[in-house]
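Asker: Structure incoming, see below.
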Amino acid sequence: MALLHIDNLHAAADEKPILNGISLTVNAGEVHAIMGPNGSGKSTLAQVLAGHEAYDVTAGSISFAGEDLLDMEAEERAWAGLFLAFQYPVEIPGVSNAYFLRQGYNEIRKARGLDELDPIDFYDLLEEKLKVVEWGPEIMERAVNFGFSGGEKKRNEILQMAVLEPKLAILDETDSGLDIDALRIVANGVNTLRGPEKAIIVVTHYQRLLNYIVPDFVHVIAGGRIVRSGGKELALELEEKGYEWLTSEAAVA
Amino acid sequence: MNATATMPFADLIATTQASEMTGWLADLREAGAARFAEEGIPTSRDEEWRFTPVGPLGKMTFRAPAVSAPLDRTALSPFAFGDGWPTVVLVDGRFVPELSRLDALPDGVVVTSLAEAIAAGEPAVEAHLGRTATADQTPFTALSAATFADGLFVQVSAGVVAPTPVQLISVATDAAAEAMLAPRLVVLVGANAELSLVESYVTLTEATYFTNTVAEVHLGANARLDHTRIMRESEAAWHIGFTQVDQEQDSHYREFALAMGGRLARHNVHTRHHGERVETLLYGLYLTRGEQVADTHSAIFHDQPNCNSWEVYKGVLADDSRAVFNGKVLVDRIAQKTDAKQTNRNLLLSDTARVDAKPQLEIFADDVRCTHGATIGKLNPQQRYYLKTRGIGGKKAEQLLTWAFAAEVMAEITQPAVRVGLEALVHQRLDELTS
Ligand SMILES: Nc1ncnc2c1ncn2[C@@H]1O[C@H](COP(=O)(O)OP(=O)(O)OP(=O)(O)O)[C@@H](O)[C@H]1O
Ligand SMILES: [Mg+2]
């Protein structure tokens with residue numbers, strides 16, 4: 001059974017159609033890359049999957065781990081094992097990273113009928129996860145994303161992903177704005193999460209990331225549709241030729 | 001004397017006047033009574049009280065507190081902070097030595113009940129009582145002068161750093177029902193001296209009563225006072241408090257005021273600068289629910305050059321509750337290089353809560369930096385969504401974000417024991433407000 005199955009998804013914001021019939025199947029163990037021009041609907045797809053209320057699904061369906069995803073609140077999707085690393089992570093002044101992560105971790109455990117971790121046990125877990133992103137403990141006392149640099153915010157998303165251990169992680173341009181070292185760290189973080197039970201969708205503009213996180217499939221979204229799917233070679237082809245040839249094809253179609 | 005017989009609080013004033021008094025105290029009480037008779041209870045036509053419905057106070061009859069049932073020290077433990085801190089406890093307005101802790105005071109630190117200090121003929125009391133906060137400031141300072149019963153006297157000698165905070169705990173019990181409690185504080189910190197003060201109004205009853213309290217504070221040159229004011233009266237109670245702070249040059253006054261009790265609670269905090277390089281830091285948090293009204297009126301009189309003031313007040317309002325914030329910053333024409341910043345932020349947890357916020361800057365000097373900002377808003381939907389995507393939804397997210405809103409100002413409580421205690425208290429209340 002597919003982990004994620006998107007069928008003919010149409011979505012709009014403020015009555016403006018953005019997604020115009022997306023179909024995509026992601027099986028456990030797979031890595032899918034989504035590429036495409038600015039404004040083509042990549043983040044919208046990611047946000048619709050995560051449960052953002054700004055978007056109305058006007059047609060189509062999404063099943064996740066056998067359940068109707070569109071029937072679930074955003075937090076229920078997180079409980080079910082879906083995680084979105086935001087293109088623009090949100091700042092929460094007044095809440096420490098450590099507290100925030102522990103709350104999220106425990107809410108998910110509670111929803112799954114598991115015992116909550118107390119702060120001390122959680123701290124042990126956190127120490128392990130901090131290694132994934134090569135961070136010291138100092139960052140945990142800072143307010144969530146507050147005053148973080150662009151790169152630190154992205155790295156913090158990966159830390160959250162490492163702690164919450166989702167079944168499906170969607171990374172929306174997590175590589176944008178990262179320096180070479182941070183890119184390697186983030187990619188390593190993602191790779192440690194790979195596994196036969198898990199799947200990853202990476203939204204990116206750069207083939208560079210895909211050297212680190214090698215995808216099984218590459219999809220190109222343009223005008224709210226998937227206009228081309230292929231193997232990892234497609235990313236190289238895009239790097240060379242740009243999107244023009246695909247988007248004009250789509251316009252014709 | 002029919003006219004005075006129907007005057008609000010006439011009986012209480014008459015009883016106080018009849019008690020044995022001589023000299024300056026009798027004059028003070030008489031002047032207070034006269035002033036109050038002139039002014040009466042303010043109405044909404046009075047600009048200072050426009051949004052603060054105190055009218056009902058004039059129609060109610062408050063008596064003197066009944067005889068309090070004996071209290072065990074453990075009954076006070078939820079309200080007391082440090083172990084062994086010098087403490088004056090007032091039960092239903094009356095000083096209770098057995099519950100207070102006034103032994104082994106450090107050298108240079110005098111802590112007594114105010115009535116004892118008066119009886120002892122302490123000259124510093126006469127010099128400040130009714131003179132730092134005068135009867136003409138508000139009708140309620142006049143009423144206080146006419147009727148105050150007891151309270152706290154603290155004096156820290158020049159150059160002395162008080163090793164622990166001093167506390168006043170004013171607790172209401174069932175004997176306070178339908179009564180007025182009128183505590184008063186005189187706090188004097190000498191030149192180069194330092195003190196930390198915790199002033200608490202707490203309750204062991206759900207009855208209706210009225211606390212009318214006045215604190216008079218004088219800071220000598222280069223003195224420091226760290227003042228925490230905790231108002232957690234019965235939610236049926238009325239609370240009107242007035243804090244007047246006079247600051248000599250180079251002195252530093254810092255107040256954190258928590259207001260979470262009372263059906264109507266008003267707090268005025270006024271500071272006057274008598275020398276240069278004075279610093280005034282005012283922080284506050286008010287939490288309201290039901291039909292509570294919480295009112296903060298701050299007034300900083302920048303009368304001297306090169307002084308700074310910094311204010312951060314935050315409020316969280318649920319249900320049909322209301323808050324009033326009025327922040328006056330008055331910069332005299334000689335007060336050049338004044339640096340004053342005022343922030344008031346309000347978080348509404350319901351559609352029916354209301355805030356009347358009014359920054360009031362009156363600036364007569366030209367080389368100053370004065371800013372203010374007031375916001376009234378709801379929880380940020382982006383933040384809520386982000387929390388949801390991390391598995392934190394519903395009430396949990398609301399609680400977390402509401403706490404985050406309050407945490408910024410809670411962090412300004414400098415005494416660790418007080419901060420930890422109040423954090424737990426505020427946490428619990430916020431959880432109640434959001435559920
Ligand atoms: N909440 C919204 N309200 C209105 N329009 C929106 C909203 N969200 C997205 N859009 C519009 O939908 C289109 C697709 O936006 P989206 O963010 O999904 O693009 P993207 O493919 O992620 O682009 P980029 O590569 O620049 O990140 C854009 O035209 C955008 O302005
Ligand atoms: Mg995008």
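The values are calculated or read from the model by the stated rules, or taken from the named source; none is laboratory data. These numbers were taken from a predicted model, which means no experiment stands behind them. Because the Cβ atoms are built from the backbone with ideal geometry, glycine has one as well, and the counts that use them run over all protein chains shown. Protein only, heavy atoms only, side chains kept; ligands, DNA and RNA dropped before computing areas. Shrake-Rupley method; radii C 1.70, N 1.55, O 1.52, S 1.80 Å.
Asker: So, in region A:1-15, exactly how many residues are surrounded by fewer than 21 Cβ atoms within 10 Å (Cβ to Cβ) and within 16 Å of ligand 2 (Cβ to nearest atom)?
Answerer: Result for region A:1-15: 1.
Asker: With the structure loaded, tell me whether A:Asp124 is without any contact (Cβ under 8 Å) to a residue 12 or more places away in the chain and more than 8 Å from every other protein chain (Cβ to nearest Cβ) or whether it fails that test.
Answerer: Yes.
Asker: Scanning region A:37-58 for residues that are in contact with a Phe, Trp or Tyr (Cβ under 7 Å, 6 or more places away or on another chain) and more than 14 Å from every other protein chain (Cβ to nearest Cβ), which turns out nearest to A:Glu73 (Cα to Cα)?
Answerer: A:Thr44
Asker: Restricting the search to region B:103-127, which residues are free of Cβ contacts under 8 Å to residues at least 40 places away in the same chain, aliphatic (A, V, I, L, M) and open to solvent by 50 Å² or more (accessible area, probe 1.4 Å)?
Answerer: B:Ala104, B:Leu105, B:Ala119, B:Ala120, B:Ala127
Asker: Would you mention how many residues in region A:29-55 are in a helix (DSSP H, G or I) and within 12 Å of ligand 2 (Cβ to nearest atom)?
Answerer: Final tally of qualifying residues: 6.
Asker: Can you tell me which residues in region A:129-143 are open to solvent by 60 Å² or more (accessible area, probe 1.4 Å) and part of a helix (DSSP H, G or I)?
Answerer: A:Lys131, A:Pro137, A:Glu138, A:Glu141
Asker: Continuing with the same structure: Kindly provide the set of residues from region A:12-28 that are away from ligand 1 (no atom under 15 Å from the Cβ) and either within 14 Å of chain B (Cβ to nearest Cβ) or part of a loop (DSSP other than H, G, I, E, B) (or both), ordered by number.
Answerer: Of everything in region A:12-28, those that are away from ligand 1 (no atom under 15 Å from the Cβ) and either within 14 Å of chain B (Cβ to nearest Cβ) or part of a loop (DSSP other than H, G, I, E, B) (or both) turn out to be A:Asn27, A:Ala28.
Asker: Quick one: A:Arg109 ticks every box in (1) at the interface with another protein chain (Cβ under 8 Å from one of its Cβ atoms); (2) open to solvent by 30 Å² or more (accessible area, probe 1.4 Å); (3) of a type in the set (D, E, K, R) bar one, so which box is it?
Answerer: Result: A:Arg109 fails condition (1) only.
Asker: Determine if region A:72-85 includes at least one residue that is part of a strand (DSSP E or B), out of contact with any strand residue (DSSP E or B) (no Cβ under 7 Å at 6 or more places or on another chain) and within 16 Å of ligand 1 (Cβ to nearest atom).
Answerer: no
Asker: Restricting to region A:93-106, and then to whatever is within 24 Å of the chain's Cα centre (by Cα) and farther than 17 Å from B:Lys388 by Cβ, can you tell me which residue is nearest to the other protein chains (Cβ to nearest Cβ)?
Answerer: Applying the filter and picking the extreme gives A:Pro93.
Asker: Still on this structure, I have one more. I'm trying to understand the selection: among the residues of region B:163-175, which are buried (at least 24 other Cβ atoms within 10 Å of the Cβ) and either small (Gly, Ala, Ser) or touching a Gly at 6+ places or on another chain (Cβ under 6 Å) (or both)?
Answerer: B:Ser170, B:Ala172
Asker: Within region B:408-420, which residues are in contact (Cβ under 8 Å) with a residue 12 or more places away in the chain and more than 18 Å from the chain's Cα centre (by Cα)?
Answerer: B:Glu408, B:Ala417
Asker: Right, another one. Going through region A:73-87 one residue at a time, which ones are surrounded by 23 or more Cβ atoms within 10 Å (Cβ to Cβ) and within 8 Å of chain B (Cβ to nearest Cβ)?
Answerer: Hits for region A:73-87 are A:Ala74, A:Glu75, A:Arg77, A:Ala78, A:Phe83, A:Leu84, A:Phe86.
Asker: With respect to A:Leu183, is the statement that it is open to solvent by 10 Å² or more (accessible area, probe 1.4 Å) and closer than 18 Å to A:Gln207 by Cα true?
Answerer: no
Asker: For region A:37-69, which positions are more than 10 Å from ligand 1 (Cβ to nearest atom) and under 17 Å from the mean Cα position of the chain (by Cα)?
Answerer: If the condition is that a residue be more than 10 Å from ligand 1 (Cβ to nearest atom) and under 17 Å from the mean Cα position of the chain (by Cα), then A:Leu49, A:Ala50, A:Gly51, A:Ile62, A:Ser63, A:Phe64, A:Ala65, A:Leu69 are the ones that fit.
Asker: Given the structure, is A:Val90 open to solvent by less than 40 Å² (accessible area, probe 1.4 Å), at pLDDT below 95 and at the interface with another protein chain (Cβ under 8 Å from one of its Cβ atoms)?
Answerer: No: the conditions fail for A:Val90.
Asker: Scan region A:158-204 residue by residue and report those that are within 14 Å of the chain's Cα centre (by Cα), more than 16 Å from ligand 2 (Cβ to nearest atom), more than 14 Å from chain B (Cβ to nearest Cβ) and not in a strand (DSSP E or B).
Answerer: Correct list: A:Val186, A:Ala187, A:Gly189, A:Val190, A:Asn191, A:Leu193, A:Arg194, A:Lys198.
Asker: Could you tell me how many of the residues in region B:112-123 are hydrophobic (A, V, I, L, M, F, W, C) and either in a loop (DSSP other than H, G, I, E, B) or touching a strand residue (DSSP E or B) at 6+ places or on another chain (Cβ under 6 Å) (or both)?
Answerer: So the answer is 3.
Asker: Next question. Restricting to region B:54-86, what's the tally of residues that are under 20 Å from the mean Cα position of the chain (by Cα) and open to solvent by 60 Å² or more (accessible area, probe 1.4 Å)?
Answerer: Number of matching residues: 1.
Asker: Which pairs turn up if I take residues in region A:196-209 that are over 20 Å from A:Arg184 (Cβ atoms) and look for partners that are outside any loop (DSSP other than H, G, I, E, B) and within 16 Å of ligand 1 (Cβ to nearest atom) with beta carbon separation below 6 Å, at least 6 apart in sequence or on another chain?
Answerer: Pairs found: A:Ile201/A:His32; A:Ile201/A:Ile170.
Asker: Could you tell me which numbered condition B:Leu282 fails, if it satisfies all but one of (1) open to solvent by 10 Å² or more (accessible area, probe 1.4 Å); (2) hydrophobic (A, V, I, L, M, F, W, C); (3) under 25 Å from B:Pro139 (Cα atoms)?
Answerer: With (1) open to solvent by 10 Å² or more (accessible area, probe 1.4 Å); (2) hydrophobic (A, V, I, L, M, F, W, C); (3) under 25 Å from B:Pro139 (Cα atoms) applied to B:Leu282, the lone miss is (1).
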